[in-house]
Amino acid sequence: MQFQLTEEHLMIQQAARDFAQNECLPGVIERDEHQKFPREQVLKLAELGFMGMMVSPDYGGSGMDTISYVLAMEEISKIDASVSVCMSVNNSLVCWGLEKFGSEEQKQKYLTPLAQGRKNGELFIGAFLLSEPEAGSDATSQRTYAEDKGDHYVLNGTKNWITNGSSASVYLVMAQTDISKGSKGINAFIVEKSWPGVAVGAKENKLGIRGSDTHSISFTDVKVPKENRIGGDGFGFTFAMKTLAGGRIGIAAQALGIAGGAYELSLKYSKERKAFGKEIMHHQAIQFKLADMATRIECARLLCLKAAWEKDQHLDYTLSSSMAKVFASETAMWVTVEAVQVHGGYGYVKEYHVERLMRDAKITQIYEGTSEVQRIVISRSILK
Ligand code: CAA
């Protein structure tokens, strides 16, 4: 067993760290305040090859492994989780599923520009549409319906909480095609945002990751060609579950980064801030907080890297990705609350960044499966 990163991993980690410091840190407070989508930053991520990190170069990707992806997600999330969620959705929920299960035509037409993050010089990214107003955790209860009309389907319904909702050009949409078949009556479709009948709802005004654009998307009699269905008839629920298992590694890495960012700021602050005649790092109350933060972050990192390693080794990573996500997201929440406490009153104002990290941490316990859903996946796995 090796606990060492390769030279290549270290280079990718450094590139992500530099990108976060140079491109994401400037303006991060304003983007959060004004809910401004980080278009410029995402375009630069695309230039770095980080929007299709794990996709084969044959389809415009960078051909990196999942460990590299975790390292990059961690570094970018330390500074701006609104940038990293956009990157995570495109990499894990959109590109991965298309490369693994898409037809050759789908890969040529959609995956190649999505992995490059650009088409004709413009931003070109995707979104994953599973959740609905009344179907979040209970994903089989969705109502969006695609009626089979022979050579095409007619899609109707509404999806909620869609990350990249307005910035994406391509949507992967899960829809019922035969309600009587339960999870086997669901299909996944590639839908272009520009098609007639597709409408983007208002932007959600969120607690955290305020730069990322979250919208509801509705479909009214949208004609979807049959060649845009992913996989065989009825494959949609399995497609969604398999895709989400990888997505959970990305969100676990995002949570790890949010926690790491708050920890690094707390460490720095504790060396500068004086109270009772000495820097607060000399007080045991602060030392114990820092020790607990460091320990929990290390545990979260090991879980993330183990899940990534299992994925790279083509092992089943359903259990490890859910374990990584539930632990890393709870770590992010705990560490960021403690980071605000270490900063005292300064932690409660925007310039010190930790209040934003605390708000950003919360979503990692909710999206791509709540902590409760992860516990369902874990308990089913260990009890089966
Ligand atoms: N791989 C392959 N197949 C899987 C699977 C997996 N990981 N998980 C389930 N399946 C299969 C099951 O084997 C089962 O097949 P059989 O009937 O042949 O046995 C079928 O799918 C149905 O599975 P379940 O009976 O387990 O389904 P369930 O209704 O009990 O749901 C659940 C289980 C784990 C709660 C699931 O619904 C789930 O993960 N829900 C959460 C959904 C989620 O993560 N939503 C997030 C939205 S996306 C998002 O947030 C994107 C964004 O913008 C950031």
For V354, indicate whether it is more than 10 Å from the ligand (Cβ to nearest atom) and at negative phi. yes
Taking the range 312-334 on its own, how many of its residues are within 12 Å of the ligand (Cβ to nearest atom) and open to solvent by 20 Å² or more (accessible area, probe 1.4 Å)? 4
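How do the helices (runs of 4 or more DSSP H) wholly within the range 13-128 filter down when requiring 1 or more residues that are among the hydroxyl-bearing types (S, T, Y) and within 16 Å of the ligand (Cβ to nearest atom): which remain?
Details: elements: 28-34, 39-48, 66-79, 81-88, 96-101, 112-116.
Per the criteria, 66-79, 81-88.
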What about Y346, is it aromatic (F, W, Y) and near the ligand (Cβ under 10 Å from one of its atoms)? no
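Quick check, is K325 within 17 Å of S92 (Cα to Cα) and either assigned to a helix (DSSP H, G or I) or in contact (Cβ under 8 Å) with a residue 60 or more places away in the chain (or both)? Before you say what the answer is, go through the steps one by one.
Numbers: within 17 Å of S92 (Cα to Cα): yes; either assigned to a helix (DSSP H, G or I) or in contact (Cβ under 8 Å) with a residue 60 or more places away in the chain (or both): yes.
So K325 passes the test.
Give me the residue from the range 93-126 that is touching a residue at least 60 places away in the same chain (Cβ under 8 Å) and farther than 19 Å from F235 by Cβ and, out of that set, nearest to the chain's Cα centre (by Cα).
Our first condition is that a residue be touching a residue at least 60 places away in the same chain (Cβ under 8 Å); within the range 93-126, this holds for 93-94, 96-98, 100-103, 105-106, 110, 114-118, 123, 125.
Then keep just the ones that are farther than 19 Å from F235 by Cβ; that gives 114-118, 123, 125.
Working: L114: 16, A115: 15, Q116: 17, G117: 15, R118: 19, L123: 18, I125: 13 Å.
Selected residue: I125.
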Could you run through the range 192-240 and say how many residues are without any contact (Cβ under 8 Å) to a residue 40 or more places away in the chain, within 27 Å of T364 (Cβ to Cβ) and either away from the ligand (no atom under 16 Å from the Cβ) or among the hydrophobic types (A, V, I, L, M, F, W, C) (or both)? 2
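Taking the options F37, F101, name whichever one is out of contact with any Cys (no Cβ under 7 Å at 6 or more places or on another chain), modelled with pLDDT of 95 or more and closer than 20 Å to N120 by Cβ. So that I can check it myself, show each step before the final result.
Values: F101 fails: closer than 20 Å to N120 by Cβ.
It is F37.
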Out of the residues in the range 364-384 meeting the condition of being near the ligand (Cβ under 9 Å from one of its atoms) and open to solvent by less than 40 Å² (accessible area, probe 1.4 Å), tell me which one is farthest from the chain's Cα centre (by Cα). V377
Please specify each residue of the range 166-192 satisfying the condition of being of a type in the set (F, W, Y) and either in contact with a helix residue (DSSP H, G or I) (Cβ under 7 Å, 6 or more places away or on another chain) or open to solvent by 10 Å² or more (accessible area, probe 1.4 Å) (or both). F189
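Scan the range 268-284 and give yes if some residue there is more than 15 Å from the ligand (Cβ to nearest atom), assigned to a helix (DSSP H, G or I), under 17 Å from Q365 (Cβ atoms) and open to solvent by less than 40 Å² (accessible area, probe 1.4 Å), otherwise no. First the steps, then the outcome.
Taking the range 268-284 first, the residues more than 15 Å from the ligand (Cβ to nearest atom) are 268-284.
Of the ones still in play, those that are also assigned to a helix (DSSP H, G or I) are 268-272, 280-282, 284.
When the remaining residues are screened for being under 17 Å from Q365 (Cβ atoms), the result is none.
No; the residues of the range 268-284 include none that is more than 15 Å from the ligand (Cβ to nearest atom), assigned to a helix (DSSP H, G or I), under 17 Å from Q365 (Cβ atoms) and open to solvent by less than 40 Å² (accessible area, probe 1.4 Å).
With respect to T144, determine if the residue is crowded, with 19+ Cβ neighbours inside 10 Å, within 14 Å of the ligand (Cβ to nearest atom) and hydroxyl-bearing (S, T, Y).
Judged against the criteria, T144 is a match.
For Y317, indicate whether it is in contact (Cβ under 8 Å) with a residue 60 or more places away in the chain and under 15 Å from H343 (Cα atoms).
no
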In this structure, is A307 in contact with a Cys (Cβ under 9 Å, 6 or more places away or on another chain) and within 16 Å of the ligand (Cβ to nearest atom)? no
Checklist (1) crowded, with 16+ Cβ neighbours inside 10 Å; (2) over 17 Å from the mean Cα position of the chain (by Cα) applied to T163, failing item: (2)
Result of the Cβ filter at 8 Å on the range 361-377, keeping first residues that are within 19 Å of S82 (Cα to Cα) and partners that are open to solvent by 30 Å² or more (accessible area, probe 1.4 Å) and within 9 Å of the ligand (Cβ to nearest atom), at least 6 apart or interchain, is Y367/W161; G369/S137; G369/V377; T370/G136; T370/S137
Could you tell me which numbered condition D138 fails, if it satisfies all but one of (1) within 21 Å of T243 (Cα to Cα); (2) surrounded by 20 or more Cβ atoms within 10 Å (Cβ to Cβ); (3) acidic (D, E)? (2)
Kindly evaluate A259 against the criterion of being among the small types (G, A, S), within 16 Å of the ligand (Cβ to nearest atom) and open to solvent by less than 10 Å² (accessible area, probe 1.4 Å). no
Name the one entry in N160, N187 that is part of a strand (DSSP E or B), within 11 Å of the ligand (Cβ to nearest atom) and at pLDDT 95 or above. N160
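The values are calculated or read from the model by the stated rules, or taken from the named source; none is laboratory data. These numbers were taken from a predicted model, which means no experiment stands behind them. No Cβ is skipped: glycine too gets one built from the backbone with ideal geometry, and neighbour counts run over all protein chains shown. What goes into the accessible areas is simple: the full protein's heavy atoms, side chains included, and nothing from ligands, DNA or RNA. Shrake-Rupley method; radii C 1.70, N 1.55, O 1.52, S 1.80 Å.
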